[in-house]
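Colleague: After the structure tokens below, expect a handful of questions from me.
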Amino acid sequence: MKLFKLICMTSLLTFTSVTFADVAVIVHPSNNAQLSDQQIAKIFLKKQKSFSGQQKAIAINLPMKNAVRDEFQQKALNRSASQIKAYWAKLLFSGKGSAPKELTLETDVKAFVANNPNAIAYIDNKNVDASVKVVKVF
């Protein structure tokens, strides 16, 4: 029986693959802001409201439970989905802020950024095209 369990576990591990995508932080092509990892995190946590040149920053998120969002939160914000949820709940209930706007699809996120000079967002790096500018890849 132990051998059977070992074979099953080995099989599951062999056929289960976890893919981690490179996450690209994108802005409008006209945006010349130079952003550090810390500044990116602050913008998405709404601790910083503008780019380095005083241009207002509008952060856009993908929906909760989206793999790219989870990857971004882990790599860029150093927080889990549950930590982010608790962070926004605390700010919302205290009246000190609300989470960034969410768009459902990466194509919608990319289109929003391409049409809004103040926008900043993230998408899977493989979906980047000339309509947006990459400022960081995590």
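The values are calculated or read from the model by the stated rules, or taken from the named source; none is laboratory data. A quick note: this is a predicted structure, and the numbers were derived from the prediction, not measured. Using ideal geometry, Cβ is built from the backbone for each residue, glycine included, and neighbour counts are taken over all protein chains shown.
Colleague: Any idea which of (1) on the phi > 0 side of the Ramachandran plot; (2) modelled with pLDDT under 95 is the one ASN78 doesn't satisfy?
Modeller: (2)
Colleague: Only one residue in PHE15, PHE72, PHE51, PHE93 is aromatic (Phe, Trp, Tyr) and at pLDDT below 90. Which one? Can you show your working first?
Modeller: Numbers: PHE72 fails: at pLDDT below 90; PHE51 fails: at pLDDT below 90; PHE93 fails: at pLDDT below 90.
Matching residue, one of PHE15, PHE72, PHE51, PHE93: PHE15.
Colleague: Within segment 83-118, restricting attention to residues that are aliphatic (A, V, I, L, M) and within 13 Å of the chain's Cα centre (by Cα), which residue is farthest from SER50 (Cα to Cα)? So that I can check it myself, show each step before the final result.
Modeller: Within segment 83-118, the subset aliphatic (A, V, I, L, M) is 84, 86, 89, 91-92, 99, 103, 105, 109, 111, 113-114.
With within 13 Å of the chain's Cα centre (by Cα) added as a condition, the list becomes 84, 99, 103, 105, 109.
Details: ILE84: 21, ALA99: 16, LEU103: 20, LEU105: 25, VAL109: 19 Å.
Among them, the one singled out is LEU105.
Colleague: Starting from segment 77-92, keep only residues that are touching a residue at least 12 places away in the same chain (Cβ under 8 Å), then list their pairs with residues that are of a type in the set (D, E, K, R) and loosely packed, with under 13 Cβ neighbours inside 10 Å whose Cβ atoms are within a distance under 8 Å, requiring at least 6 positions of separation or different chains.
Modeller: ALA81/LYS65
Colleague: Given the structure, is LEU6 at pLDDT below 95, touching a Gly at 6+ places or on another chain (Cβ under 8 Å) and not in a loop (DSSP other than H, G, I, E, B)? Walk me through it before giving the result.
Modeller: Values: at pLDDT below 95: yes; touching a Gly at 6+ places or on another chain (Cβ under 8 Å): no; not in a loop (DSSP other than H, G, I, E, B): yes.
Considered against the rule, which asks whether it is at pLDDT below 95, touching a Gly at 6+ places or on another chain (Cβ under 8 Å) and not in a loop (DSSP other than H, G, I, E, B), LEU6 comes out as no.
Colleague: Another question about this same structure. Would it be correct to say that ILE123 is under 13 Å from VAL27 (Cβ atoms) and touching a Pro at 6+ places or on another chain (Cβ under 8 Å)?
Modeller: Numbers: under 13 Å from VAL27 (Cβ atoms): yes; touching a Pro at 6+ places or on another chain (Cβ under 8 Å): no.
Taking the combined requirement at face value, the residue does not satisfy it.
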